[in-house]
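Below is one structure, written out as structure tokens; comments come after it.
The values are calculated or read from the model by the stated rules, or taken from the named source; none is laboratory data. None of these values were measured; they are calculated from a predicted model. Heads up, the Cβs are rebuilt from the backbone with ideal geometry, glycines too, and the neighbour counts pull from every protein chain shown. Just the protein is used for accessible areas: all its heavy atoms, side chains included, with ligands, DNA and RNA removed. Shrake-Rupley method; radii C 1.70, N 1.55, O 1.52, S 1.80 Å.
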Amino acid sequence: PRVLLLSCPIQFKGEHVTQGGGDRMSSLMTLIDQERLHLAIVVDKIVNLKPDVLVVQKTVSRIAQDALRDAGITLILNVKPSIMDRLARSTGGHILRSPDYVENSLLKREQLLGYCKDFEVKHFKEGSKRYTLMYFESSRTHRHGTICLRG
């Protein structure tokens, strides 16, 4: 599977208009439309890279989560920076600061993505607790082995 690593959140940072006298419902609808448009553009940039797994260090908007799921991309969010570094080293990918970096990068698109031999999600139940573990099995054993994420 192809792995894309992002250190930025995937969300919309719109300005909220609070000036008096205006129709607040229409300004809210405008913000929602802007959010959907912005997130559609960001998700398209990600989908164009054709990753199988997207690992994000921060949060992802619900609208973007749904669009990524519809595109068949597995999403992992709120991953610690140290784990991101290990995944980058293990998969040979680069941690991107933004999806915009793809267009401005000197690297080829294929070089931005990391690769692993196998990716697997397993669920365990121990008493009343439920655990989810994600396994990234590296094909580059001279760099790393298997990374297991708990979440």
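When residues in the range 72-88 are screened for being open to solvent by 50 Å² or more (accessible area, probe 1.4 Å) and out of contact with any Lys or Arg (no Cβ under 8 Å at 6 or more places or on another chain), 7 of them pass. With the structure loaded, tell me whether THR91 is at negative phi and buried (at least 20 other Cβ atoms within 10 Å of the Cβ) or whether it fails that test. In short, yes. If you go through the range 56-77 and pick out every residue that is free of Cβ contacts under 8 Å to residues at least 40 places away in the same chain and within 10 Å of the chain's Cα centre (by Cα), you end up with 5.
Within the range 64-92, the set of residues being within 29 Å of LEU37 (Cα to Cα) and touching a Phe, Trp or Tyr at 6+ places or on another chain (Cβ under 8 Å) comprises just one member, THR74. The range 37-151 holds helices (runs of 4 or more DSSP H) entirely within its bounds, and those carrying 2 or more residues that are at pLDDT 85 or above, more than 17 Å from VAL3 (Cα to Cα) and out of contact with any Asp or Glu (no Cβ under 6 Å at 6 or more places or on another chain) map to 62-70. If only residues of the range 25-61 that are open to solvent by 60 Å² or more (accessible area, probe 1.4 Å) and among the charged types (D, E, K, R) are counted, the one that is farthest from ILE73 (Cα to Cα) is ASP33.
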